[in-house]
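Reviewing the structure listed below.
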Amino acid sequence: MISVGSNEKFDAETCIDLSRFEEACRCEVYRPFSFCLYIFSRGRIFMETKHTLKACIYGAAVGDAMGVPYEMAKRGTFTCDGTMVGGLAHNKPAGTWSDDTAMLLATCDSIRELGFISTVDMRKKFLSWLNEGKYACGGEFFGSGHTTRTALITGSGQDYEKSNGNGSLMRIAPLAFCNVNQFSGWTYEEVIEDVSAITHAHKISTDICKEFVFLLNDVIHNHLDGHHTDYILNILPELDVLESEVDSGVFVKDTFFAALWCFTFTDNFKDCIIKAVNLGGDSDTTASVAGALAGTYYGYDDIPQEWIDTLRDKDLIDSCLF
Ligand SMILES: [Mg+2]
């Protein structure tokens, strides 16, 4: 519930009438943290970039599916040669994607259904994934992180330092395809922070989510200099390291850095994903984040057709896009 003005109250669960939200925007809004709503005008969602959202989400999903068989495998103990295989770590059929894509789809579906961003609705959809397998590939829930599960079950985003896994980074990309209504009273930064904080509320996680969304924004709006965005150009000296210096565990900073490293030092979608998977460790999430970025940058047509063909549950993916 958000209180608007002195007495009037809007029920966050049911109040989806945009005219009432616009009214809410004009009032002084009291915003209890766990029930905040972000008001987007339907018309302000960038519909003209639909093909880019599709490229982003499919990029993430194929990256996830390529990495699932090797999740937590030690670097150098396996080689992904570019074939989308099944079995191994989770013993799933080829093309199976995991929690990364499921949460990404739940995020998209919430924005698609409401036309604005609601952390209440997103959390509800994450719970339907956790409890009922909704948004899960083949309806089978697997691969979720401890912080995500704890936050969803307790209703409280985790904010201690050790809770900075990559669980919110893996699902934040759709926010790059939304435009915060200037009159909503919240900044883009606040929106990203609070969407991350549904599960990952520590500043390290929320800061990395912001950096990723703004980087995707640069790509979407073609703020590019050759292969690089300004953001990447600025950190290029940092990125210029040997593979042995790239950590690919679950720490959110490492995942973001590893994904950027793979994107920066390849020149096509396929090579970027193969590089990410072969880093090992949290290979599905590293490849999923790299895939979201590379998909957005190179476009849907650069994703290998055989990977799209093998990818499971494409109808479910398509049904969640906005
Ligand atoms: Mg996963």
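Computed from the coordinates by the stated procedures, all read-outs in this text should not be read as laboratory data. Keep in mind that this is a model prediction, so the values were computed, not measured. Cβ sites come from the backbone with ideal geometry, for glycine too, and all protein chains shown count toward neighbours.
The table below lists the values:
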quantity: Least to most buried among 244, 283 (fewest other Cβ within 10 Å first); calculated: 244, 283
quantity: Sorted by Cβ neighbour density within 10 Å, fewest at the top, the residues 171, 123, 112; calculated: 112, 123, 171
quantity: Proximal charge balance of residue 288 [Cβ under 10 Å; K/R count +1, D/E count -1]; calculated: -4
quantity: Interchain or long-range residues, amide H under 5 Å from residue 92's placed H; calculated: 87
quantity: Residue 79 paired with residue 91, simple spin-label distance in nm, labels 7 Å along Cα-to-beta-carbon; calculated: 2.8
quantity: Theoretical FRET efficiency, 1/(1+(r/R0)^6), r = Cβ-Cβ of residue 268 and residue 154, R0 41 Å, to 0.05; calculated: 0.45
quantity: For peptides 95-107, 71-83, 245-257, sequence by mean Cβ density within 10 Å, most packed first; calculated: 95-107, 245-257, 71-83
quantity: Using θ = phi - 60° and Karplus 6.51 cos²θ - 1.76 cosθ + 1.60, couplings along the range 229-240 (whole Hz; Gly, Pro as x); calculated: 8, 4, 4, 5, 4, 5, 9, 3, x, 5, 6, 7
quantity: Residue-by-residue Karplus 3J(HN,Hα) for the range 198-213, coefficients 6.51, -1.76, 1.60, Hz, glycine and proline x; calculated: 3, 10, 10, 9, 5, 4, 4, 5, 5, 5, 5, 4, 5, 4, 5, 5
quantity: Nonlocal amide H pairs with residue 118, under 5 Å, H built at 1.01 Å; calculated: 38
quantity: Ranked list, fewest to most other Cβ atoms within 10 Å of each Cβ, for 312, 149; calculated: 149, 312
